[in-house]
């Protein structure tokens, strides 16, 4: 199959590389000249484990190429995937500027019958809009169909999610076109769900909103656990053992972030409100998510008091491990709040510091976790990268000005941290530690 992919972000590049690895001939269209040059050199502009190696291999085989020319990109393509960004607009609605531009360019350069596949996360009704735009600009006599094929790729495990999907969702007014896209996915061996165009678009929003709801739910339970002296990790373990509930997305912490959940929940809220609905649950999900970050900052203020001239170390900046994505990362809100209170912030992240520097230029970025701990009044665990799981705590304690650790991901055991001489505070794992006037934790 000859395939064109418009846009080379997380979804587009993963889609193009993986379809090429399945034996298809793929041309990715990227109009950003700097990004295009990087891609043509065999380098990935994003951090995703294993992606760059797969990209290089398929470029060498001749199955994968990159261009900024729609004429070249669409020349032989039977399937054309739209994978451009749909960022959050000022009013909360998804911004479809890039989708509209892609649809116009496809219409203007389409020279043969084709199937247009919307893979970007788009509001319900976008497929109809894309069809109208292409029809307006296409040469008379050219036939095309639009299929919605929402992606369910998680950053950090995108390759695994692509090659071992839970399901393939396809929606179209043209059932044969949807079946043809389904045949492309046949090697993956996943269940294929074919429905109408708008229902397929809604499935993506409903799925992400539900997962975000689980995260906000367990974070609200965590707040209650702190007040009542229960351990949210054990609560989640007990809940997750119920097959009706399951264990996934029940990790209390700093809430959700990234490129999908925040904008998709807000976009669904906007769609609902604009349609005359009253999305109470969606509003609560967003409120709880923000309050998780606010409560984390409050813990730091409770332990340190006045933040002026305090040095706070931050471990982890990306919104989750195994990605360099800083979009809607909890670290941004937390660090800005600390700086607003007068704190000096040092930080370390294995891969995201370059991206973080654009959003937080006044942060001192360090080479290791141990450098972050030097002269720190408190150490914050914000992103649970593997390399933070077994740190040399004796060494870290010797570096710190005050042995205070606030764990936003419940990565560490409270009893073990206390035994090592740290004042430790996790999320939903009992009451706050009681300090002496010297800053040491009072033994239980």
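What follows is calculated from the coordinates using simple rules that are stated; it is not laboratory data. This one's a predicted model, so the numbers in the text were calculated from it and none came from an experiment. When we count neighbours, we look across all protein chains shown, and the Cβ atoms used for this are built from the backbone with ideal geometry, even at glycine.
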**Fill in**
Expressed as a whole-number percentage, the relative contact order of the chain with C-alpha contacts under 8 angstrom and at least six residues apart is 11 percent
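Can you give the translational diffusion coefficient of region 2-195 in µm²/s, computed by Stokes-Einstein from the Kirkwood radius over Cα pairs at 25 °C and 0.890 mPa s?
For the chosen part, D equals 147 µm²/s.
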**Message:** Report the per residue volume, in Å³, of the convex hull enclosing the C-alpha atoms of region 292-390.
**Reply:** 90 Å³
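Need one number: the % of Cα-Cα pairs in region 58-124 sitting beyond the 14 Å mark.
Details: 1425 of 2211 pairs.
Considering region 58-124, 64 percent of its Cα-Cα pairs are separated by more than 14 Å.
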**Item:** Between helix 330-340 and the chain: long-axis angle, C-alpha atoms, 0 to 90°, nearest 10
**Value:** 50 degrees
**Request:** Calculate the length of the line joining the C-alpha centroid of region 83-158 to that of region 379-413, in whole Å.
**Result:** 44 Å
**Complete:** Highest GNM mean-square fluctuation among 79, 250, 22, for the chain with Cα springs under 10 Å, belongs to 22
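When the expected Rg is taken as 2.2 N^0.38 Å, what fraction or multiple of it is the alpha-carbon Rg of region 252-334?
Values: Rg = 15.6 Å, N = 83, 2.2 N^0.38 = 11.8 Å.
Expressed relative to 2.2 N^0.38 Å, the Cα Rg reads 1.32.
Among 364, 25, what is the fewest-to-most ranking by other Cβ atoms within 10 Å? If you can, show how the numbers build up before the last one.
Details: 364 13, 25 18.
By the 10 Å Cβ count, ascending, the order reads 364, 25.
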**Request:** Taking all pairs of distinct Cα atoms, average 1/r, flip it, and tell me the Kirkwood hydrodynamic radius of region 230-444 in Å to one decimal place.
**Result:** 18.2 Å
**Asked** Can you sort 366, 277, 225 so the residue with the fewest Cβ neighbours within 10 Å comes first?
**Response** 277, 366, 225
**Asked** Helix 51-60: angle to the longest alpha-carbon principal axis of the chain, degrees 0 to 90, nearest 10?
**Response** 30 degrees
**Request:** Using the number of other C-beta atoms within 10 angstrom as an exposure proxy, rank 393, 425 with the fewest first.
**Result:** 393, 425
**Prompt:** What is the spread of the Cα atoms of the chain along each of their three principal axes, largest first, in whole Å?
**Reply:** 81, 47, 38
